[in-house]
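This report refers to the structure that appears directly beneath it.
The values are calculated or read from the model by the stated rules, or taken from the named source; none is laboratory data. Because the structure is predicted, anything quoted here is derived from the model rather than measured. Cβ sites come from the backbone with ideal geometry, for glycine too, and all protein chains shown count toward neighbours. Accessible surface is based on the protein model in full, side chains and every heavy atom, while ligands, DNA and RNA are left aside. Shrake-Rupley method; radii C 1.70, N 1.55, O 1.52, S 1.80 Å.
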Amino acid sequence: MKKALIIGAAGFVGSYLIDHIQKHCIWSIVVTKMPQERLTLQGADVCDLDIMDPAAITELLEEKRPDYIFHLAAQSSVAVSWKNPGLTVDVNIKGSLNVLDAVRKLDYKPRVLLIGSGEEYGHLRQDEVPVGEDNVLRPGNIYAATKACQNMLGAIYARAYGMDVLMVRAFNHVGPNQSPVFVVADFCRQAAEIELGMREPVIRVGNLSARRDFSDVRDVVRAYAALMEKGKAGETYNVGAGKAVEIRRILDMILSLAKKEIRVETDPSRMRPVDVPVIEADIRKLQACTGWRTEIPLEKTIEETLNYWRETLRQLGKKTPAV
Ligand code: A2R
């Protein structure tokens with residue numbers, strides 16, 4: 001039986017990837033979390049790991065000897081990357097390098113999947129959309145630059161050391177339990193707070209005209225697992241819906257599901273210093289390799305995310321802290 005290691009499993013994507021593997025893959029699982037995070041799992045081995053500690057990574061890999069390594073650990077927010085660029089560079093570049101280098105020193109070759117981002121492409125010209133994996137990268141924010149660097153390091157380690165490393169560029173993925181630093185979760189949380197009378201009936205928004213490629217996180221983790229089995233070492237694969245949607249349309253979907261009249265107001269603090277107008281994935285390489293396609297429509301994901309916030313806030317019974 002193959003053994004899968006998920007690094008950074010206590011985050012948003014980790015819980016869905018664990019769920020997918022447990023239900024659909026005949027793999028045993030080891031997962032890591034940050035020491036301060038909580039994660040209890042039936043049928044999985046849970047370890048503490050900070051990827052800024054190279055010796056700890058080596059120790060874990062030598063002890064567990066995984067066949068497959070999903071590297072999810074990251075500072076994953078664009079907004080936070082503007083506020084804390086140093087941390088973002090440390091975790092996303094140095095941390096990933098620590099993982100790659102620990103793998104390099106092993107006496108066997110596990111397969112490593114590095115999770116990058118559609119943000120790496122940055123400013124796209126109209127004739128570059130949908131964007132393919134070989135497109136020039138023009139990262140428009142700190143997070144994107146760190147993920148572009150991670151991708152390059154992965155390709156270098158694969159080529160220079162013959163390592164079995166492959167990379168994805170994941171476009172926006174959404175679903176229940178995502179942090180409200182991300183736009184869909186943010187809008188859904190605000191709408192749920194309004195419905196529950198926790199705030200005035202106004203949703204505060206940033207740039208609504210940006211167009212992004214959204215898919216359900218459950219579809220995304222299915223692609224990761226498929227690539228782990230079928231992807232080619234040294235290659236990069238886009239993972240996305242293959243269709244950009246205006247943020248305004250997402251907001252409209254949420255407003256139409258809301259049980260109260262809601263006004264929309266622009267909040268300058270939600271405007272990013274540099275915004276990239278359109279990002280849309282060309283997913284033919286992923287589809288040719290795995291046969292993957294999205295299964296969950298965006299409307300369903302948004303409804304479930306709104307329901308998640310309704311339920312979470314009802315349980316909390318009080319206003320969640322602003323982020
Ligand atoms: O920052 P925390 O305490 O929430 O922990 C995050 C964890 N993490 C780390 N793990 C090990 N060593 C570190 N130095 C370190 N710094 C952060 O990685 C969190 O539990 C996890 C990432 O989860 P999320 O932030 O929820 O990201 P998500 O949405 O699960 O994305 C997974 C991957 C990331 O590479 C994203 O950049 C990409 O997919 O889109």
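Before moving on, here are some points about what is shown:
- Positive-pole candidate from Leu166, Tyr16, Leu106, dipole of the chain, charges at beta carbon: Tyr16
- Dividing the mean sequence gap of close Cα pairs (under 8 Å, 6+ apart) by how many residues segment 207-277 holds gives a relative contact order of 52 percent.
- Kirkwood Rh and Cα Rg combined as Rg over Rh, evaluated for segment 1-42: 0.95
- Acute angle (nearest 10 degrees) that the helix 142-161 long axis makes with the longest principal axis of the chain, alpha-carbon atoms: 20
- Based on every Cα atom in the chain, Rg and the maximum pairwise Cα distance Dmax equal 19.4, 62 Å.
- Cα principal axis extents for segment 212-291, largest first, Å: 49, 32, 17
- Vicinal HN-Hα couplings computed from phi for segment 93-109 (Karplus, 6.51 cos²θ - 1.76 cosθ + 1.60; Hz; Gly/Pro x): 9, 5, x, 5, 4, 4, 5, 4, 6, 5, 5, 4, 7, 6, 8, 8, 10
- Within segment 145-165, backbone nitrogen closer than 20 Å to the virtual label 7 Å beyond the Cα of Glu37 toward Cβ: 146-148, 150-151
- Accessible area per residue (1.4 Å probe, heavy atoms of protein chains only) ranks Glu299, Glu265 as Glu299, Glu265, with the largest value leading.
- One decimal place: the segment Lys230-Arg125 gains 34.7 nm when fully extended, by the rule 0.36 nm per residue minus the C-alpha distance.
- In terms of overall dimensions, the C-alpha atoms belonging to segment 1-147 reach 47, 32, 31 Å along their principal axes, ordered largest to smallest.
- Percent of alpha-carbon pairs separated by more than 28 Å within segment 167-323: 26
- Antiparallel beta bridges, as assigned by DSSP with both residues in the chain, represent about 10 percent of the total such bridges.
- The heavy atoms of Asp107 offer some 120 square angstrom of accessible surface to a 1.4 angstrom probe.
- Whether segment 60-201 is rounded, prolate or oblate, judged on the alpha carbon gyration tensor where a/c under 1.5 counts as rounded: prolate
- Each of Phe70, Ala210, Ile51 was scored by the projection of its Cα onto the charge dipole of the chain, and the greatest displacement toward the positive side belongs to Ala210; charges sit on the C-beta of Lys, Arg, Asp and Glu.
- Dipole of segment 171-299 computed with +1 at Lys/Arg Cβ and -1 at Asp/Glu Cβ about the Cα centre; of Met198, Ser179, Tyr224, farthest Cα towards the positive end is Tyr224.
- Pairs exceeding 21 Å between alpha-carbon atoms, taken from Lys230/Lys285; Lys64/Lys105; Lys23/Lys147; Lys3/Lys300; Lys3/Lys94; Lys109/Lys230: Lys23/Lys147; Lys3/Lys300; Lys3/Lys94.
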